Structures are given as C-alpha cells and as structure tokens.
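Below is one structure, written out as structure tokens, with a few remarks after it.
Nothing in this text is a laboratory measurement; each read-out follows from the coordinates by a stated rule. Keep in mind the model is a prediction, meaning the values are calculated, not measured. Cβ: placed from backbone, ideal geometry, glycine included. Neighbour counts: every protein chain shown.
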Amino acid sequence: MEMMNGRIVALDLSSGEVTETQLEEDIVLADPSCVMRTDAIWKEHGEDSVVLGTGLLTGSLVPGACAGVMAGETGIMPIMGNFAVEMKLSGFDFIALTGKAPGPGYVWARDGIIEFVRSDAVRTLDSWERTDRVRDDQGDRRIQVLSAGPWGDSGNPCAQLVNCYWGGEDKAGLASRLASKNVLAVAVRGMGELSVVDPEAHFASCIELRSKVVSKLGEPKGLASYFGPAGRDDLAALVHRHVACFGCPHPCRTFAKVAEDPKQMALSHKEPGYLHYDVPGLRKAFEVGLDARSATEVSMMCARMGAEPVAVLERASSGGRELTPAIVRELLATPWDMEPLPAGRFAGGFAIDRALAMGLCPRLWAKAGFDTSAIMPCVESAVGRGVPL
Amino acid sequence: MSREGVPLKLDFEPLKCVACGLCETVCSLNRDSVLTSMGSSIILHVDDKADYFGLVLKTTGDGLVLARPEGPGAPQQPGSGGPGAKPILLREPCDLCGGAPKCAMVCPTGCIKVVD
C-alpha cells in the first residue's frame, strides 16, 4: 500500500500483548480521514483507550505533511513537529493503547516493534528529562517523545503532553489520560520507508504546489506569521531561529533564548530557551502582563512540568496580582491545588479540519487555503488515484 | 557531475535552514524511490533542546561537508555529538541527482544552492 504501512497495532498495557490489524487500502482511500479513523479505533477499543494516528499524506512531500492525531476520553489533539512522521516510519499507521501497565514506564515503537518499557525512574523526571532519558536509554537523539510531566502524573486535568520539549498541541487533557495508564511517555523512531506510485511525479507536483502555497503566505516571520503579537519588539530581541515541523515551507515555531545571547549560534548552553508555537499560551502570557522574557520562562516551566499554560496563567493571575515567573513556579509545585476546568475547556484549540485529516498542518493550510484541486496531483502521484479530501 | 561541462557542487547558507527535513527525504526518494531519511547522502543534525541544527553532506571529492550555524571555521564543541555523526559514513556519497540536485530544489529557504 502506498503512503501507508497498512497496520493498526493495539498494545494491551495490562498484559503486554500486541495485536495487529490489517488496514485495507480500498477502505483507507475511500475514506482517508485519519481524524475519523483514529476516533473510530478509539471507540472500538473502549473509552479508556488512547489512540495515536497518522494521515494518508503524513511523511509525503506535500507542504506541511507532518501531522498526526491522538484521541482519548477527554478529546483529540493534533501532533505536530516530527513525531507523526517518525511514528509512521516506525511501521505503524495507528497505535491503540489499552488497559493499564502494572507500573510506570513508556511505550516504545520502532522497526515494526512496539513494547512497554518499565521504568520507575521516569516518574521522578520532568518532561524534558523524560525525553533526554528515553533518548539516552535507546541511544538515538532523533527519537521523538510525547511525555506527560508531573502534572500529568498527578491526574491534573490542566496537564498537557509535551512534544519532545515543547508544548502547544495538547489542549485536550490527554497527558492525564496517558498517565492514568502508567504511560508517562510515548517514544517513536522511524527507520522504515513509504512507497509512492510515481516518485518523479510526486516530487514535481509537490514542488509546484509548494510554489503556489508560498506565493500566498508572504515572507516567513516564524510564529509572527500566524500570531502578530509574536513579532513585538521584546520577543524579537530574544529570537534565535525559526524552526519548521517536517516538510513545512513557512515555519511557525520561533525559538527564544533567555539563558544566553540569542545571537549565539554555536552549541553552548544545553537549555537556552523555548520554542514558541503555542498561540493560546503566548497570548495568555501577554494578556496577564508578562513581558517576552518572562513569558518564555513561564513556558519553559510549564512544559517541564507538563502543565497547560493558559490554565496555569488564569489561576496564577487570579485576584489581579502582578504576575511574575516566581509566582508561577510556586503554583507549578502544587498541581493538586488546581481545580478542574469546566468540561470542554480544551476543545477547539486547533481547528480539526480537512488538512489535519490528511496528515497536513492545519495552521499552514488554514492560512494558505486548502485547495483540493491543487493538492490532488500530489495525492494521485503518491497513491495512484484521487481520494475525497 | 557537471552542467554543460561546468562542474557543479552544493553550497550552503546554514542560517537559512529551518530543519524541515525535506532535503533528507528527497535524497532518499531520488536514490531509492521511497520516502524515508535513511538512505540520504545529506543528513540533518538536530539538537532540538538547544535549538542547534545544521546539515552534513557526504561528497565524493570533499568528504563530509559540514553546514554548521556557527560557520565552517568554528571548533566543534566537545561532547556535542554534532555534525559528522557516524551514520552518514555508511551512506552513499552525493551524486548531485545526475545534474539537477533535488535537495536544492525542495529546500524552501534557499539554504541549499547549486553552484558552478
């Protein structure tokens, strides 16, 4: 099957048993939405399950082909960066996690193998340390890790999953859902390959599509291309570089350095700053009066703890007190003190739209305009026929 | 490899790189007709927590060409595990895609350029 592995895998965390289901090509191409399929797999495995999915075009040369999704009882979230591509290249299109592991650890998928790795030590680590630990343990710095921090472990509904080191996708409370299964991280590494029907035509059509997309987007300015306040002077003074997710010609991720000179290009400080792409989080930080440096420091603290920054900042700024990173640090140390947010609070953080359904970045395609006729030649050259977009 | 008799090579402006990874993928696609990063002659080196990234190209004539953000003359930081990592030594050198390097065509920022 082109562009897919044709494999749904279910890992029963209680027993360690792995069950695979073949994904039929005709069924996928007739209804290619990975959002709908992930949701269907989640329903099939029960409300307690958590399911990760990749799109038909994830990992292709179509601009912004980085996306995947995760679904659980509390909602659905997009997965950006490089995680979904690595997951697909690990040999699995969809991963369902059921049951509860007998102790803490992480799910590890690579080379068509998936397993639960028991690790009591992981529970003592924050999300950044978890990513470092998994990469060290498995010996590969390009392993992609979704991890819950201490807030997820505590079952706090205001927790967020962190994608390697950065937050912004999980507005659905899925960190706590995973942690309730003793899954403190999900790690993937893809050394496989995806075939396409006509490589030359796929390359040519995607280059042509990229030209059309870029012509609509203007000069790339990192996160400021999508969220104007990210271009304000105090944040601009901290900008180190702009970073793309896989396959993106118009990156929306802006790295701000607060622990060393932003102009330092050599590798020196190991934790110099934060990669901003969480628009609601940054907007909230500015709304409560934080300057760019403090907003960056707060974002780092929230990511490390696996805490959703909008909820944290709402609570920290209650009563009208002047907010500082120190106040947020104090709050983050007591996650059990947070009150659950009203049901549905996290819904709609990202548009769950047609682009995401295909494994494409919803932010890029919302700005460029999702033009099905322009995208179709890329799809046809990849899978051999048109599909409903 | 040459274009109308003029030798070609790839040149880099590392600070233009956004770490999109397309150069790796199209290199493998050209070589093996599949989408992956595992067969490419060019690799993206990433230390994501430090926001440090650059490119490494395996060439026939010049060995490993490093496109580091701090520039070609800067010393390698000890213990960084930086560009020049082992896997690329096991890969095929760049063949310039027969005269029309696809990594340069797919690079969205102009970080990778073909020069005569």
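What to note about this one:
- Around the amide H of A:His240, modelled in the peptide plane, lie the amide H atoms of A:Phe255, A:Ala256, A:Lys257, all under 5 Å away and 5 or more residues distant in sequence or on another chain.
- Distance between the 7 Å Cα→Cβ label points at A:Glu73 and B:Glu13: 5.3 nm.
- Column: log10 I(q)/I(0), Debye, Cα scatterers of chain A, q = 0.09, 0.10, 0.12, 0.14 Å⁻¹: -0.49, -0.62, -0.90, -1.23
- Across the range A:119-136, rounded Karplus estimates of 3J(HN,Hα) from the backbone phi angles (6.51 cos²θ - 1.76 cosθ + 1.60, θ = phi - 60°) give 7, 5, 5, 4, 5, 7, 9, 7, 5, 5, 5, 5, 4, 4, 5, 4, 5, 5 Hz, Gly and Pro being marked x.
- Extension gain (nm, one decimal) between A:Arg329 and A:Asp111, 0.36 nm per residue minus Cα-Cα: 74.5 nm
- Each residue of the range A:96-109 was assigned a 3J(HN,Hα) from its phi angle through the Karplus expression (A = 6.51, B = -1.76, C = 1.60, θ = phi - 60°), giving 10, 10, 10, x, 9, 5, x, x, x, x, 9, 7, 10, 10 Hz with x at Gly and Pro.
- When only the Cβ of Lys, Arg, Asp and Glu is charged (+1, +1, -1, -1), the dipole of the protein assembly as shown relative to its Cα centre reaches about 860 debye.
- Estimated 222 nm signal from helices in chain A, with DSSP H stretches of n ≥ 4 weighted -39500 (n - 2.57), rounded to 500: -9500 deg cm²/dmol
- Sequence-ordered 3J(HN,Hα) estimates for the range A:30-44 from the Karplus curve with 6.51, -1.76 and 1.60 and θ = phi - 60° stand at 6, 9, x, 5, 6, 5, 5, 5, 4, 5, 5, 5, 4, 5, 4 Hz, glycine and proline given as x.
- Cα centre as origin, Lys/Arg/Asp/Glu Cβ charges: the range A:96-188 dipole, Debye: 200 debye
- Once the mean of 1/r is taken over each pair of separate Cα atoms and inverted, the range A:228-332 shows a Kirkwood hydrodynamic radius of 14.2 Å.
- Net charge of Cβ neighbours under 14 Å - reference A:Glu380; Lys, Arg +1; Asp, Glu -1: -3
- Mean separation of Cα contacts under 8 Å (6+ apart) over length of the range A:228-332, as relative contact order %: 21 percent
- Cα shape, the range A:97-250, gyration tensor, a/c 1.5 rule: oblate
- Once you reduce the range B:1-73 and the range A:302-331 to the center of their Cα atoms, the two points are 41 Å from each other.
- Beyond 18 Å in Cα-Cα separation lie the following of the pairs A:Lys216/B:Lys102; A:Lys88/A:Lys216; B:Lys9/B:Lys102; A:Lys270/B:Lys49: A:Lys216/B:Lys102; A:Lys88/A:Lys216.
- Packing here is the average count of other Cβ atoms within 10 Å per residue, and on that basis the peptides A:212-219, A:173-180, highest first, run A:173-180, A:212-219.
- Ranked by the mean number of other Cβ atoms within 10 Å of their residues, highest first, the peptides A:145-158, A:115-128 come out as A:145-158, A:115-128.
- Each of B:Met38 and A:Thr124 was given a label point 7 Å from its Cα along the Cα-to-Cβ line. The distance between the two points is 3.6 nm.
- Residue ranges A:252-265, A:13-26 sort as A:252-265, A:13-26 when ordered by packing (mean number of other C-beta atoms within 10 Å per residue, highest first).
- Cα centroid separation, the range A:12-63 to the range A:99-137 (Å): 22 Å
- Fraction of antiparallel bridges per DSSP, the protein assembly as shown only, in percent to nearest 5: 85 percent
- Rounded Å value of the spacing that divides the Cα centres of the range A:350-381 and the range A:213-286: 23 Å
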